[in-house]
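Single-structure report; data block below.
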Amino acid sequence: MKELPEWYYDELIQIGTDYGSEEEVLNYDRKMATIRNIAEEAKNMCELIDIQPDDEILEIGCGTGEFSIELSKHCKLVTALDISQMMLDFAEKKAKSKQRDNVKFIKAGFLTFDPEETKYDAVVTQLVLHHLPDFWKLIALKNIHSMLKRGGKFFLKDVVFSSEIPDFDVYFLQIFQNIPPESGDEIVSEMKLHIKEEYSTFDWVMKGLIEQAGFRIEEFDHQNGFMATYLCIKE
Ligand SMILES: C[S@@+](CC[C@H](N)C(=O)[O-])C[C@H]1O[C@@H](n2cnc3c(N)ncnc32)[C@H](O)[C@@H]1O
């Protein structure tokens with residue numbers, strides 16, 4: 001991990017949901033397998049980054065490892081970062097149980113990872129960048145830019161709010177009401193915590209940050225005005 005000046009944001013402190021707790025890690029893995037179509041998401045990610053057998057890929061905020069493990073089936077090496085040692089231990093065990101030996105797990109994040117001389121073919125991160133306030137998002141995006149090869153791809157998926165929403169009180173109420181009851185009350189509580197304590201930003205801010213960091217946005221998708229996916233290119 002990089003040594004950073006004392007005025008740097010401390011990304012190792014969990015904000016919002018505490019992914020440092022063992023209970024939350026188990027809970028997260030179970031929940032994601034029920035509410036998400038992981039196989040479909042992973043397929044979409046692989047297609048967007050046009051993954052190749054010789055690629056070296058970096059995932060930032062790997063969580064319980066599902067995506068790093070999936071990517072590792074299609075490329076040479078995946079380096080999977082997370083700031084939660086609990087998440088990393090869980091993900092590493094999962095990778096071993098699936099005989100994936102080309103995933104390297106490292107405790108570090110957007111600001112603290114030291115890639116040394118490595119330049120990656122692609123960097124992917126999903127549902128993680130909102131853990132940083134906007135100023136630090138730009139520093140993180142510049143770090144990612146510097147770790148990529150020229151022409152390298154950056155896949156970003158995160159909760160980003162649409163600036164076209166006229167009334168956020170009405171909008172959030174509708175989101176909570178539209179969560180299917182089978183997903184459970186927990187999801188609603190987590191969404192409330194996300195809005196209250198985490199740092200999801202607006203689409204126009206995110207677009208500006210990505211471009212300021214030196215990327216060109218090649219593809220953009222925004223589901224329900226909050227789940228944004230960007231495919232960005234380092235030119
Ligand atoms: C919502 S989970 C997403 C996990 C996974 N990417 C997925 O799509 O399921 C957020 C993860 O990001 C990690 N995290 C939080 N802040 C981070 C940072 N600054 N750098 C790297 N990982 C971070 C948390 O520990 C947690 O594992």
With respect to ASP101, determine if the residue is open to solvent by less than 50 Å² (accessible area, probe 1.4 Å), acidic (Asp, Glu) and away from the ligand (no atom under 14 Å from the Cβ). no
(1) closer than 14 Å to SER68 by Cβ; (2) within 11 Å of the ligand (Cβ to nearest atom); (3) not in a strand (DSSP E or B) all hold for GLU92 apart from (2)
Just give me the residues in region 51-76 being in contact with a helix residue (DSSP H, G or I) (Cβ under 7 Å, 6 or more places away or on another chain), within 16 Å of the ligand (Cβ to nearest atom) and more than 18 Å from ASN37 (Cα to Cα), in sequence order. ILE57, LEU58, GLU59
ALA42, sole failed condition from (1) under 14 Å from the mean Cα position of the chain (by Cα); (2) more than 9 Å from the ligand (Cβ to nearest atom); (3) crowded, with 22+ Cβ neighbours inside 10 Å: (3)
Of the residues in region 156-198, those that are outside any helix (DSSP H, G or I), open to solvent by 80 Å² or more (accessible area, probe 1.4 Å) and touching a residue at least 12 places away in the same chain (Cβ under 8 Å) number 1
For a quick check of your reading of the model, give me the residue pairs whose first member lies in region 112-135 and is open to solvent by less than 10 Å² (accessible area, probe 1.4 Å) and of a type in the set (Gly, Ala, Ser), whose second is part of a loop (DSSP other than H, G, I, E, B) and more than 14 Å from the ligand (Cβ to nearest atom), with beta-carbon atoms closer than 8 Å and at least 6 apart or on different chains. ALA122/ILE51; ALA122/ASP55
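The values are calculated or read from the model by the stated rules, or taken from the named source; none is laboratory data. For clarity, every value in this text was computed on a predicted model and none was experimentally measured. Backbone-built Cβ (ideal geometry, glycine too); neighbour counts: all protein chains shown. Only protein heavy atoms, including side chains, enter the accessible area calculation; ligands, DNA and RNA are left aside. Shrake-Rupley method; radii C 1.70, N 1.55, O 1.52, S 1.80 Å.
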